[in-house]
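Notes follow the structure.
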Amino acid sequence: MRFMRFALAWIVAVLVVVVSPPTSSADPRGRCNLRTGTCQVASERKARLPAKELENGTRQTYRRSSARSDPDAERAEFDARMKAYADGRDRYYACVQASMAVSAGPQTLCSPGPPPPDDVFLQGRGFNGVGGGPAAPLITPGQAGAIAVARLRLPTVAPGIGPSPDLNRWNMAAVGYPLWLWADGPTQVGPVSDSVAGLSVSLQAKVSSLTFRMGDGTVVTCQGDGDEWTKSVEPGAKAPTCGHTYTKASLPKGTYTVTALTNWAVTWTANGQSGVINVPAVQTTELPVGELQVLVR
Amino acid sequence: MARGVPGFVRIGAALAGCALVAACTPDPAPPATPTPAPPSTTSATPSATPTETDIERQQRLDFEAAENAYRASISEQDRLARLGTATATPELKRTSADEYLKFALAGLEEFEDAGWRSQGDSTIVGVSRRGWQGRRIGLTACEDGSSIKIRDKSGRDVTPDVGRKFVQDLTVSRFGDLWKVSDIKSKPVNDFKGAPCGS
């Protein structure tokens with residue numbers, strides 16, 4: 001009887017495997033090849049790499065020195081790279097902020113500085129945020145926090161402008177009509193965790209302020225993420241925290257380019273310490289603004 | 001200003017407000033300016049305006065460079081698929097990196113292993129800009145591989161009978177002075193209606 005049960009279970013298992021419908025190769029979250037139409041879904045991604053790809057620059061390998069002769073030198077190199085990254089990041093942020101001002105200075109590009117040391121660098125030199133000892137340079141919580149923040153992928157936040165021109169027959173905003181401005185998208189992230197050289201880092205990000213360059217020479221800066229306009233807003237009501245009213249039309253010549261700078265304040269916490277690093281993100285949109293005449297009889 | 005004017009202004013503003021959000025009737029007079037065409041969301045590069053700021057100019061240059069890298073990567077992948085080879089050429093490495101490079105090579109490997117060669121090129125219906133974060137740019141591309149034929153070693157047509165239209169969310173990252181496509185997330189579609197990158 002036991003044998004019969006076992007045999008029956010085995011037969012059922014085989015049938016399930018044989019007759020199960022093939023899983024769809026199309027997964028909205030996968031990576032799809034437009035030539036073959038096949039998709040690589042997350043669970044099927046292969047770790048192997050083609051041999052021809054194993055050339056310089058196409059694959060990261062972990063370099064571990066067999067005889068690390070000078071951990072102090074490695075520490076110094078790491079600290080220098082972190083300083084270069086932090087200085088570059090701060091300069092970049094200041095440049096972005098300055099560029100949003102009405103009276104911008106000489107025309108210079110805001111170049112992002114060098115990236116922070118990555119896992120290849122850290123693991124190749126045996127950086128270890130826990131334990132330590134003379135053979136394993138420690139990474140400080142601040143450094144781990146900075147690296148984790150650099151890795152954090154923040155959501156895209158679009159400039160929210162309401163009421164939208166799409167709501168009226170003329171597809172435009174109107175001179176003299178108060179517009180509401182806000183961050184259109186997720187404005188808080190986390191808490192999320194990352195691990196940098198063995199040190200656990202917790203991150204939480206929030207939109208701290210918005211700066212809108214309206215395209216007509218006006219810059220609007222607001223604390224927080226603004227107030228979203230909805231259809232329940234009384235027509236003509238001004239935004240409580242973040243808004244703008246155009247005094248000149250862009251039409252018929254064209255549209256105003258509205259540039260929105262979203263300032264993310266990212267709080268990192270590691271090993272009982274914490275700090276805040278600001279991360280800017282910029283998006284633009286085109287806004288047609290016209291004049292609306294109202295006849296009075 | 002005459003005493004009656006404030007009342008006129010308030011009424012006028014209320015009517016204008018209703019019209020702008022299509023909330024009430026009667027409709028006011030048509031606008032003084034002609035109805036504009038909707039702003040383009042495709043890859044047309046806007047020309048610099050007199051009021052373009054540093055950041056706007058940088059964004060524009062970065063978006064252009066990112067899109068150029070993407071288009072060059074697709075073009076190189078098409079070329080390699082026609083040759084039936086999976087090689088990380090200098091051009092491919094110049095324009096692609098990380099997960100996207102692995103993905104591109106995996107697709108070409110499929111051709112090489114099977115002895116296939118493609119005929120025809122990919123069609124990029126449109127590219128729209130999704131976001132900019134300094135070292136990282138988001139693009140959405142509408143890709144159509146419907147016109148590509150695949151032939152095996154004997155010349156037989158082995159083109160798969162499957163849909164080959166995708167809305168691709170691309171991440172393009174900066175490596176030194178170069179922008180390279182670094183990741184991709186795909187959504188198969190029947191058509192590109194409503195897609196931000198659709199023309």
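The values are calculated or read from the model by the stated rules, or taken from the named source; none is laboratory data. The model shown is predicted, which means the values in this text are computed figures rather than measured ones. Cβ: placed from backbone, ideal geometry, glycine included. Neighbour counts: every protein chain shown. Quick note on the areas: whole protein, heavy atoms, side chains included, nothing else; ligands and nucleic acids left out. Shrake-Rupley method; radii C 1.70, N 1.55, O 1.52, S 1.80 Å.
Please go through segment A:247-279 and give me each residue that is within 21 Å of B:Trp132 (Cβ to Cβ) and more than 7 Å from every other protein chain (Cβ to nearest Cβ), ordered by number.
Within segment A:247-279, A:Tyr256, A:Val258, A:Ala260, A:Leu261, A:Thr262, A:Asn263, A:Trp264, A:Ala265, A:Val266, A:Ile277, A:Asn278, A:Val279 qualify.
Which of the residues belonging to segment A:80-95 are away from chain B (no Cβ under 14 Å) and in contact (Cβ under 8 Å) with a residue 60 or more places away in the chain?
Those that are away from chain B (no Cβ under 14 Å) and in contact (Cβ under 8 Å) with a residue 60 or more places away in the chain: A:Met82, A:Ala86.
Which of the strands (runs of 3 or more DSSP E) contained wholly in segment A:178-261 include at least 2 residues that are of a type in the set (Gly, Ala, Ser) and within 26 Å of A:Ala94 (Cα to Cα)?
A:199-213
Between B:Asp121, B:Asp152, which is within 11 Å of chain A (Cβ to nearest Cβ), over 23 Å from A:Pro112 (Cα atoms) and surrounded by fewer than 21 Cβ atoms within 10 Å (Cβ to Cβ)?
Just a single option satisfies the conditions, and that option is B:Asp121.
Tell me yes or no: at least one residue of segment B:174-182 is modelled with pLDDT of 95 or more and at the interface with chain A (Cβ under 10 Å from one of its Cβ atoms).
No, the conditions are met nowhere in segment B:174-182.
For segment B:163-180, what are the residues that are surrounded by 13 or more Cβ atoms within 10 Å (Cβ to Cβ) and either over 23 Å from B:Gly194 (Cβ atoms) or among the aliphatic types (A, V, I, L, M) (or both)?
Within segment B:163-180, B:Val167, B:Leu170, B:Val172, B:Ser173, B:Arg174, B:Phe175, B:Leu178, B:Trp179, B:Lys180 meet the criteria.
Quick check: anything in segment B:125-140 facing chain A (nearest Cβ under 10 Å) and within 22 Å of B:Asp78 (Cβ to Cβ)?
Checking segment B:125-140: not a single residue is facing chain A (nearest Cβ under 10 Å) and within 22 Å of B:Asp78 (Cβ to Cβ).
Does A:Gly217 qualify as being at the interface with chain B (Cβ under 10 Å from one of its Cβ atoms), touching a residue at least 40 places away in the same chain (Cβ under 8 Å) and in contact with a helix residue (DSSP H, G or I) (Cβ under 8 Å, 6 or more places away or on another chain)?
Considered against the rule, which asks whether it is at the interface with chain B (Cβ under 10 Å from one of its Cβ atoms), touching a residue at least 40 places away in the same chain (Cβ under 8 Å) and in contact with a helix residue (DSSP H, G or I) (Cβ under 8 Å, 6 or more places away or on another chain), A:Gly217 comes out as no.
Looking at this structure, is A:Val219 farther than 18 Å from A:Arg151 by Cβ and open to solvent by less than 40 Å² (accessible area, probe 1.4 Å)?
Against the criterion (farther than 18 Å from A:Arg151 by Cβ and open to solvent by less than 40 Å² (accessible area, probe 1.4 Å)), A:Val219 does not qualify.
Counting only residues that are of a type in the set (Gly, Ala, Ser) and at pLDDT 90 or above, which one in segment A:166-192 is surrounded by the fewest Cβ atoms within 10 Å (Cβ to Cβ)?
By that ranking, first place goes to A:Gly176.
Results for (1) surrounded by fewer than 17 Cβ atoms within 10 Å (Cβ to Cβ); (2) within 30 Å of A:Trp264 (Cα to Cα); (3) of a type in the set (Gly, Ala, Ser), shown as yes or no for each residue.
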{"position": "B:Thr85", "(1), (2), (3)": "yes, no, no"}
{"position": "B:Ala88", "(1), (2), (3)": "no, no, yes"}
{"position": "B:Glu91", "(1), (2), (3)": "yes, no, no"}
{"position": "B:Tyr100", "(1), (2), (3)": "no, yes, no"}
{"position": "B:Leu108", "(1), (2), (3)": "no, no, no"}
{"position": "B:Glu112", "(1), (2), (3)": "no, no, no"}
{"position": "B:Val125", "(1), (2), (3)": "no, no, no"}
{"position": "B:Ile137", "(1), (2), (3)": "no, yes, no"}
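Kindly check whether there is at least one residue in segment A:272-279 that is in contact with a Pro (Cβ under 7 Å, 6 or more places away or on another chain) and within 30 Å of A:Pro141 (Cβ to Cβ).
Within segment A:272-279, one or more residues are in contact with a Pro (Cβ under 7 Å, 6 or more places away or on another chain) and within 30 Å of A:Pro141 (Cβ to Cβ).
Go through segment B:95-118 and give me each residue that's in a helix (DSSP H, G or I) and more than 10 Å from every other protein chain (Cβ to nearest Cβ).
If the condition is that a residue be in a helix (DSSP H, G or I) and more than 10 Å from every other protein chain (Cβ to nearest Cβ), then B:Thr95 is the only one that fits.
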